[in-house]
Structures are given as C-alpha cells and as structure tokens.
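Below is one structure, written out as structure tokens; comments come after it.
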Amino acid sequence: MNAKSYVSADAIRSDFSAAMSAMYRDEVPAYGTLMSLVARVNDDTLAADPHLQARLAATDSLDRISEERHGAIRLGSPEELSMMRRAFAVMGMYPVGYYDLSTAGVPVHSTAFRPVGDAALKRNPFRIFTSLLRLDLIADETLRNEAAAVLASRQIFTVRAIELVEKAEKDGGLEADDAAEFVREVLETFRWHDHAIVSAGMYKRLHDAHRLIADVVSFKGPHINHLTPRTLDIDKVQALMPEEGIAPKAVVEGPPTRECPILLRQTSFKALEEAVSFIGDSGDWKAGSHTARFGEIEQRGIALTPKGRALYDKLLNDTRAVVRPAADGSNAAEYEAALEKVFKAFPDDWNEIRKQGLGYFAFSLTEKGRTATATATDIETLITDGHMQFDPIVYEDFLPVSAAGIFQSNLGDDATQEFVASPNQVMFERDLGAKVLDEFAHYAGIERTSIEKCLGTTNMAVAAE
C-alpha cells in the first residue's frame, strides 16, 4: 500500500497567502495600487544599492520580499482564538509573542501567527497579527453581556473547514485535493460581509464603547482588516502615496529613518467607509456604513536583543514625553523631529550594534574563512581577520505601540480611549490553548546556531561571546 503524499505546510501557507492577497485585491482595489507602488519602490531601491541587493541575495532574502505579507484579524471569543490556532498550525504558523494593546487604549491582546523555522520563513513568511477582544474591559455590564451573547451565537468557520483541520490533525497532514479545499474553506473566515448581525442601535452602542468593539462583534466573521506588503524604503512609499491618490497616515510608526533599520516601521492609508446593512426592528435591512479596512506598508529591520529593545523602548518613551503624535497629524513634523533627535542615542552602525549586544545577527564564513586556516580563538578576531561575517536577522514580529497607532489612526481621530493597563498573558494562553513562543529566545537560538555552524565547519574551538 502506497504511503499518502501530504502537501507541506509551507506550500499550504503559500497558497493561502496568495489566495488571501487575490481576495483582498478584489475587495479593496486600493490594495492593488499599493502593491504596484511598493514593487516599483523596491525595484528602484535595489537598483540604486548594489551592495544591498548582493547581501539580500546572499542571505536568501531577496526572493521572499516581493511575496511577503502580513495581515491582521480581530477575534471575539476564546473558542474562535483556539480554533484559529489549530487552522494556522495546518499552514505551519505558530503563535509568537504576547502583545497587550490596552496600554495604548485598544481593548485587545494579541499574538502573531507565523512560520518560525529558517527554511519556512524563506519559503513564505506570511504572518497574521491576531487580536482577541477583551470583553472584560467594556465598562457597561449590560453591553458586555449582550456582546458576549452575539459572539456566542456565531460560527466563523465553515463546517468543512473544521472537518479538514481535524483531518489534518488526525492524519498528520492533507493530500493535494484536501489541501486545496482547506485553503478555499478557511479563506471564507476572512471574507468581507456587508450585512451586520446586529441592529443599527446596538452597533451604535458598541461603536460608542469603542470602534474596534463594533468591528469585532457586529459581523459574521473577522474580515481581514488589512494586508501588508514589505518595502525597502518606507519613506519613499509614504511620499509617493498621494501621487497614487492614496492619503497616508500622518506619521510612520516605529523608529525614525536610519542607515541601519531596526525593528519595524509601518504606515497606512485611512480606512474605507463601506456600505453595510443592519437588522431593522421588523427584520428588514437598514442601510448604514462601517469603517474598518485599510491598507498598510511595512519596512523591517534587525531584531533587537532584550538590551536593544530596552533602549528602543526608553527612547520611544522619551520622545513621547516630549511630544505625543496627535491622531489628526497636527503635530506630525514636531513629533518626527523629536524622534530623530532622541534616537541619535541608538548606534546606527551594524558592527557597533553587534559589539554592544543590541541586535541579533546571523554569522557565516567568508570565502577566506572557507578556504584558509584560522588560528584565532575568538569571534572578534575572526571577523577582523576576514574569516567570518555577519548579517542582521530580520525582525519577524510586531510592536504593540505601533500596532495601536495604526489601529487608532484608522479607527478615527476620536478613537483613543483610556483603558486600565491589564496585560494577562496567562489568560490569553489559556484561551489560545497553547503557550506563545518567546521571540527573544527564538532569535537568540538562530544566532547561536549560525555561530555553531561556522565553528563546526572550521573545526575551531571558539567561544561565542
């Protein structure tokens, strides 16, 4: 009897990412415009910087950039989150990191589902930033209970999608026909629905509590609210968006422009006001509108160590103590100037970042290191002598303050509200049904493995510092 031939999780993820992109392009035409702009900017950036092109090619990062996407969804219940984890696992996507957005006035906590292995990331680094609504943060008890009842009554996955997840778990994979059907069925969870499952009156009450609460509770499922390509020059994209008829948000979220990019920079265009219908008093449909879906662009830099991240967080807090960016963009220039000035305290040189232990790097042997005999006994000498080289490890995750800033800018100028900061990773992981991966340990492991590979190849007993 022939063994079953299962489609790899990487292939399923790639197919799902492509299907999601095609669906979102149909639903939000401005996304297609954005994709074309990003592709043009990336081509121009690579053409102007042969060294960048060579290093990306050497680290197997060049091919993936044009295919790279991240999306975001907002779920309403622990059951939805748990089932989503199981569906993403079929695609080789696992929860990494815990993000508490209540500290920034958004009543959710989140994780990012993504591939974690080097080969899987190179194949397709598709990520979904997944938030769970914090019903416990809704002050109005009556509204909180009504929202919980609405969420309990809906099923965001098709019956067949659930069956195929269970089959993949039982059998250890899916064959080609089932894998293709799985992609089609799970995609339905992310599709836009223009008919709400609440009345206009309840929508208004949810909306008044927080616009994001209305977005999560009012619809049949967690429509994908943005899909994000990766650019190599976010400042250029930001400047060119108006020429394409797209109005960008006032400031780029994250660190300032740098020679050596760190962490994550993001911008977006304003969310669309879309026609929806609400349930009327007599069971008929009443016309209305809803604002949720938008376009986003990101530029990724190096993953920072705990020491580097502590410095980043301090500098960001220092900047916001001077000037906090207004949702309407009225102080954008003042904020950007302060950000640029304060962040001069963060080294803008790869070697200095490495020597100060601020970022994670992948080490590899140079041509000299592969062919010559090295007598050094420490990494610094091996690098100085030209036997070893290092490249920044791409930050694959997210920044809670930046995520909240994107949410708020697209929920409206009056969306910023105060919630008591209440991180609760224990509760989140209970609802998730699994532990989230610690991103710092993950990046440290990648760096350590690259060093060990170099030293094993050269048979040198060098202690990693």
Open item on the list: Ranking request for peptides 178-190, 344-356: highest mean number of other beta-carbon atoms within 10 Å first, then the rest in descending order.
Closed with: 178-190, 344-356
Task: Rounded to the nearest 10 Å², the accessible area of I379 at probe 1.4 Å - done: 10 Å²
- [ ] For region 151-205, give the percent of accessible area contributed by carbon and sulfur heavy atoms, probe 1.4 Å, rounded to a whole number.
- [x] 50 percent
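Out of all Cα-Cα pairs in region 46-123, roughly what percent, to the nearest whole number, are more than 22 Å apart?
Numbers: 1308 of 3003 pairs.
Beyond 22 Å sits 44 percent of the P(r) for region 46-123.
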Task: Whole-number D in µm²/s for region 92-229 (Stokes-Einstein; Kirkwood sum over Cα pairs; 4 °C, 1.567 mPa s) - done: 76 µm²/s
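Order of 438-449, 216-227 by packing, highest average Cβ count within 10 Å first?
Details: 438-449: 15.6, 216-227: 23.2.
Ranking, from highest mean packing down: 216-227, 438-449.
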TODO: Quote the Stokes-Einstein diffusion coefficient, in whole µm² s⁻¹, for region 225-268, based on the Kirkwood radius over alpha carbon pairs, a temperature of 25 °C and a viscosity of 0.890 mPa s.
DONE: 217 µm²/s
Open item on the list: What distance in nm separates the two pseudo spin-label positions at A247 and W285, each 7 Å out from Cα along the beta-carbon direction?
Closed with: 2.9 nm
Task: Span from the region 319-398 Cα centroid across to the region 197-249 one, whole angstrom - done: 32 Å
Task: Rough spin-label spacing in nm, given labels placed 7 Å along Cα→Cβ, for R191 and A18 - done: 2.0 nm
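When the solvent-accessible surface of protein heavy atoms is calculated with a 1.4 angstrom probe, in what order do H210, H51 fall, highest first?
Working: H210 0, H51 130 Å².
Sorted descending by solvent-accessible area, the residues read H51, H210.
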Task: Unit Cα scatterers, Debye sum, region 1-99: log10 I(q)/I(0) for q = 0.12, 0.18, 0.20, 0.23 Å⁻¹ - done: -0.62, -1.09, -1.17, -1.25
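Using Stokes-Einstein with the Kirkwood hydrodynamic radius over Cα pairs, what translational diffusion coefficient do you get for region 226-346 at 4 °C and a viscosity of 1.567 mPa s, in µm²/s rounded to a whole number? Don't skip to the answer; put the middle values down first.
Numbers: Rh = 16.5 Å.
Rounded to a whole number, D works out at 78 µm²/s.
How would region 170-275 be classified by its alpha-carbon gyration tensor: rounded, prolate or oblate, with rounded meaning a/c under 1.5 and the a/b versus b/c comparison settling the rest? Don't jump to the answer; show the numbers that get you there.
Working: a/c = 2.34, a/b = 1.21, b/c = 1.93.
Oblate.
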- [ ] With a 1.4 Å probe and every protein chain kept in, tell me what percent of the accessible surface of region 1-133 is carbon plus sulfur.
- [x] 53 percent
- [ ] Give the accessible area for E244 in Å² (nearest 10); use a 1.4 Å probe, count only protein heavy atoms, and leave out ligands, DNA and RNA.
- [x] 70 Å²
Open item on the list: For region 284-368, take every pair of Cα atoms, bin their distances at 10 Å starting from 0, and report each bin as a whole percent.
Closed with: 13, 29, 27, 15, 9, 4, 1, 0
TODO: Please determine, in degrees from 0 to 90 and to the nearest 10, the orientation of helix 306-322 with respect to the longest principal axis defined by the Cα atoms of the chain, where the helix direction is its Cα long axis.
DONE: 60 degrees
Task: Filter on K236/K435; K122/K453; K122/K344; K355/K435; K220/K270 - keep pairs with C-alpha separation over 28 Å - done: K236/K435; K122/K344; K355/K435
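Highest first, please rank the peptides 311-319, 391-399 by the mean number of other Cβ atoms sitting within 10 Å of their residues.
On the way: 311-319: 16.6, 391-399: 21.4.
Highest mean packing first, the order is 391-399, 311-319.
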Open item on the list: Apply the a/c threshold of 1.5 to the C-alpha gyration tensor of the chain and tell me whether it is rounded, prolate or oblate.
Closed with: prolate
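What FRET efficiency would be calculated for the residue pair K435, A119, taking the C-beta separation as r and a Förster radius of 22 Å, to the nearest 0.05? List each step's numbers first, then the result.
Numbers: r = 23 Å, r/R0 = 1.04.
Approximately 0.45, to the nearest 0.05.
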Task: Solvent exposure, largest accessible area first (probe 1.4 Å, DNA, RNA and ligands not counted), of S131, S282, S14, S66 - done: S282, S66, S14, S131
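Between T45 and S153, how high is the FRET efficiency from 1/(1 + (r/R0)^6) when r is the Cβ-Cβ distance and R₀ = 51 Å? Nearest 0.05. Display every interim value, and only then the final one.
Values: r = 49 Å, r/R0 = 0.96.
Efficiency, from the Cβ-Cβ distance: 0.55.
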TODO: State the extension gain, in nm to one decimal, for the chain segment bounded by S330 and D63, taking 0.36 nm per residue of separation less the distance between their alpha-carbons.
DONE: 92.2 nm
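Heavy-atom accessible area per residue, the chain, 1.4 Å probe: how many Å²?
Values: 19830 Å² over 465 residues.
Accessible area per residue: 43 Å².
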Open item on the list: Taking the Kirkwood radius as the inverse of the mean 1/r across Cα pairs, report the Rg/Rh of region 24-81.
Closed with: 1.17
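How charged is the neighbourhood of T111? Take every other residue with its Cβ under 12 Å from the Cβ of T111, and add Lys/Arg as +1 and Asp/Glu as -1.
Working: positive: R85, R114, R127, K435; negative: D100, D397, E429, D431, D438, E439.
Counting the neighbours of T111, the net charge comes to -2.
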Task: Accessible area (Å², 1.4 Å probe, nearest 10) - W192 - done: 40 Å²
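The values are calculated or read from the model by the stated rules, or taken from the named source; none is laboratory data. All figures in this text were calculated on a predicted structure; none of them were measured in a lab. Because the Cβ atoms are built from the backbone with ideal geometry, glycine has one as well, and the counts that use them run over all protein chains shown. To get the accessible areas, we keep the full protein, side chains included, count just its heavy atoms, and leave off ligands, DNA and RNA. Shrake-Rupley method; radii C 1.70, N 1.55, O 1.52, S 1.80 Å.
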